[in-house]
1. Mind checking which helices (runs of 4 or more DSSP H) fall wholly inside region 1-92 and carry at least 3 residues that are under 18 Å from Asp109 (Cβ atoms) and of a type outside the set (D, E, K, R)?
2. How many residues are in a helix (DSSP H, G or I) and touching a Ser or Thr at 6+ places or on another chain (Cβ under 7 Å) when one looks only at region 93-114?
3. Being within 16 Å of the chain's Cα centre (by Cα), touching a residue at least 24 places away in the same chain (Cβ under 8 Å) and farther than 17 Å from Met171 by Cα is the requirement here; does Glu29 meet it?
4. Within the set of pairs 6+ apart or on separate chains, which have a first residue in region 1-24 that is among the basic types (Lys, Arg), a second that is outside any helix (DSSP H, G or I), and C-beta atoms under 8 Å apart?
5. In region 51-70, what count of residues is obtained for those that are surrounded by fewer than 18 Cβ atoms within 10 Å (Cβ to Cβ) and farther than 13 Å from Met182 by Cβ?
6. Just a yes or no: is a residue in region 77-99 within 17 Å of the chain's Cα centre (by Cα), under 21 Å from Gly164 (Cα atoms) and touching a residue at least 12 places away in the same chain (Cβ under 8 Å)?
7. Taking region 136-189, which residues are charged (D, E, K, R) and either farther than 15 Å from Leu60 by Cα or free of Cβ contacts under 8 Å to residues at least 40 places away in the same chain (or both)?
8. Looking at (1) under 24 Å from Trp35 (Cα atoms); (2) touching a Gly at 6+ places or on another chain (Cβ under 8 Å), which one does Phe97 not meet, given that it meets all the others?
Amino acid sequence: MQSWLSRYVEAQHRALDSIPLEAVQRAIETVRRAWEEDRQIFVIGNGGNAASGSHFATDLGKGSSDALGKRFRVITLADNVAWLTAIGNDYSFDDVFLRPLQNYARPGDVLIASSVSGNSPNLVRAMEWARDNDLRTIAFVGAKKGGLGAIAEQPIVVADTHYGRVEDVQMTLYHMICYAFMEKTEEPA
């Protein structure tokens, strides 16, 4: 067991070391611009990435807003179970993020999607719509990149395909964005 644990930790370090810092800086600049312009930030993901998106929306909406004194307008589209299941049941699970975006999103808003494979149809459809409707788009993806990596204006690629490791690094990316504002760095971007 110790050998496996050591290998896991070593692989996690490699995944963390693969974070493209310039791409993260651009994402922070995009989030800052949304805040300055009072734009809406939408966050989407499935499973563990849905949970991480909720965590991010909480940290940015509460912690980062408190630190700056002006509120971030951020919401995850995975948190309304009634709406998700109504859309999934009446239309298609592939539309569960697309349809709320059609209700709420406006040009200049930001869509952040996170996925290890980058190929979840519901995320790709939402990202395509966002791109076609002049939203700023950021995607956190694993090494295979998938459709999200190809579509997003700002893909941030973690150089690993292991779901646990990539999701851990994606949560780190979310924390990096939030703490750039919470810690009031000289220049968070």
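Nothing in this text is a laboratory measurement; each read-out follows from the coordinates by a stated rule. In this text the structure is predicted, and so the values were computed from the model without any measurement. So basically every Cβ, Gly included, is an ideal-geometry build from the backbone, and we count neighbours across all protein chains shown.
1. Working: elements: 2-17, 21-36, 48-58, 65-68, 81-90.
The qualifying helices (runs of 4 or more DSSP H) are 21-36, 48-58.
2. Counting residues in region 93-114 that are in a helix (DSSP H, G or I) and touching a Ser or Thr at 6+ places or on another chain (Cβ under 7 Å) gives 0.
3. Details: within 16 Å of the chain's Cα centre (by Cα): yes; touching a residue at least 24 places away in the same chain (Cβ under 8 Å): yes; farther than 17 Å from Met171 by Cα: yes.
It is true that Glu29 is within 16 Å of the chain's Cα centre (by Cα), touching a residue at least 24 places away in the same chain (Cβ under 8 Å) and farther than 17 Å from Met171 by Cα.
4. Arg14/Ala159; Arg14/Asp160
5. Here is the first cut: in region 51-70, the ones surrounded by fewer than 18 Cβ atoms within 10 Å (Cβ to Cβ) are 51, 54-55, 58, 62-63, 66-70.
Pick out the ones that are also farther than 13 Å from Met182 by Cβ and you get 51, 54-55, 70.
Number satisfying all stated conditions: 4.
6. For region 77-99, residues within 17 Å of the chain's Cα centre (by Cα), under 21 Å from Gly164 (Cα atoms) and touching a residue at least 12 places away in the same chain (Cβ under 8 Å): present.
7. In the first step, residues of region 136-189 are kept if they are charged (D, E, K, R); the result is 136, 144-145, 153, 160, 165, 167-168, 183-184, 186-187.
Result: Arg136, Lys144, Lys145, Glu153, Asp160, Arg165, Glu167, Asp168, Glu186, Glu187.
8. With respect to (1) under 24 Å from Trp35 (Cα atoms); (2) touching a Gly at 6+ places or on another chain (Cβ under 8 Å), Phe97 is out only on (2).
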